[in-house]
Structure formats: C-alpha cells, structure tokens
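The values are calculated or read from the model by the stated rules, or taken from the named source; none is laboratory data. All values derive from a computational prediction rather than experimental measurement. Here Cβ is always computed from backbone atoms with ideal geometry, including for glycine, and neighbour counts include all displayed protein chains. Keep in mind that these areas ignore ligands, DNA and RNA; they rest on the heavy atoms of the full protein, side chains included. Shrake-Rupley method; radii C 1.70, N 1.55, O 1.52, S 1.80 Å.
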Amino acid sequence: MEMHFRFRFLTRSIQHSIQLTRYFTVGFSPEAAKFFLYWLFMAFSLGTFTFLGQGFMAIFRDSTTAQGFGALLIGMSSIFGGIIIRPQHMPSFWIWAYWTFPLHYVYEGLFTSQFNQDETPITPSYGSPFYDYVRTEYCDWVPAGEPLPDDCTGTAADWIDVAFGGNWTVENIKWDIVYLVGANVVAKVMTMYGLKQKNYLAK
C-alpha cells in the first residue's frame, strides 16, 4: 500500500509539473485564477476518462468489451466535443451527443477561462465569419468583400465568441464544473458497483 501511494504521488507530481511547464511556455496568462482553472479542467479531463475506463473494466465481462465502449466514448467525445463540429453547426439529430459526452465541457472550460478578456490581436482570414465580425465591429468603413488593413484586427476573446457561435461563454464554466464533478462521481459509483456486484469468475 505504501509503495502504491508513493507511485501514484510520483506520477501525479510529474503530470502536474508537465502541466505547469506547458502552461507558461505557451504564453497563457500568469493570473492565479486562470492557472487554477487550467489545472482544474486538465485534472477533470484526465480523471473523467480514466475513471470511466475503470468503470467499464469493472462492469463488463472482458477487456475487449470494455475497450470497445471506451473507444466509443473517446470517439464520440472527439467528434461531438465542439471542435470538429462547432456548436452552432451541430446537426439537430446529434445535439444529444454534444450535451452528453464529457469532452465538450472540458474544452469549453479551458477555452473560455483562458481567453476571457484576452486582448491578443488576431488577424482574421479573408472571407471567414471572423473577418465579417472584425470588419463590422472595428473597421466598418471598409467595404464588404475588401481586404482589411493590417492594423484592423480582433482579439482572442472575440475569436472565441465568433468561432463557437456565442455558445461558449465564461458564464458556463460553473456548469462545466458541475457536469464534470457529476461524471466523475458516476464513474466511481459504476466502478464500485462492478467490483461489488459483478463476479465473472463465479462458476
């Protein structure tokens, strides 16, 4: 037990050290609140998928079935997490997947917390929705369809708002946390149920 504790402490320390290094090397804000939210959502991401994987191993008869459901979870989360298909373009038939799978809540928490009020200038690509937004908000004297001058830019916060159709906002962070806490609790309950109630070795 002591060796197990030491091993887990060491691996967690390495993981958190890597997160700390990555955070500051990519130029994120040094604000304590933003760093805490980054750490929190990264921890939720790791914990949620790890604990759900453990739950699948506990309740299914063999590793093949558990791995199949794990692959389904990861695949559906990736497709409907809000990056490959943006929230405003999500097909109505698949909207349930957007709200059900956990990666959407991790992404939303990370993006909105880190880029909230971020004034980093972003040059819009010609013809993109962000181009239309910047032209309307900052350079309305430029005729539609004309290239914007080099000094006409939006901000990182603007880009997040436009790129995700206004669906991802800092006000949603608390609900992202509530969902991810709930997902971790459900995963641990599923694991406990499988370990206590399922005995596939019984003859």
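Things worth noting here:
- Number of positions in segment 103-123 that are in contact with a strand residue (DSSP E or B) (Cβ under 6 Å, 6 or more places away or on another chain) and within 21 Å of Gly165 (Cβ to Cβ): 1
- So Gly70, is it at negative phi, surrounded by 17 or more Cβ atoms within 10 Å (Cβ to Cβ), part of a helix (DSSP H, G or I) and free of Cβ contacts under 8 Å to residues at least 24 places away in the same chain: yes
- Any chance Thr50 is farther than 19 Å from Val189 by Cα and open to solvent by 50 Å² or more (accessible area, probe 1.4 Å): no
- Lone unmet requirement of (1) part of a helix (DSSP H, G or I); (2) open to solvent by 50 Å² or more (accessible area, probe 1.4 Å); (3) out of contact with any Pro (no Cβ under 8 Å at 6 or more places or on another chain) for Gly109: (2)
- Residues of segment 87-102 classified as farther than 15 Å from Phe164 by Cβ and not in a helix (DSSP H, G or I), total: 3
- When Lys188, Lys198 are checked against the criterion of being touching a residue at least 60 places away in the same chain (Cβ under 8 Å) and over 26 Å from Trp39 (Cβ atoms), Lys198 stands alone in meeting it.
- Candidate set: segment 73-86, residues that are assigned to a helix (DSSP H, G or I) and within 16 Å of Ala183 (Cα to Cα); chosen: the one most open to solvent (accessible area, probe 1.4 Å): Ile74
- Residues being of a type outside the set (Ser, Thr, Tyr) and in a helix (DSSP H, G or I) - total across segment 123-161: 12
- Just one residue in the set Val142, Val185, Val170, Val181 is more than 23 Å from the chain's Cα centre (by Cα) and on the phi < 0 side of the Ramachandran plot; that residue is Val142.
- The set of residues from segment 131-190 being more than 21 Å from Trp99 (Cα to Cα), open to solvent by less than 30 Å² (accessible area, probe 1.4 Å) and charged (D, E, K, R) comprises just one member, Asp158.
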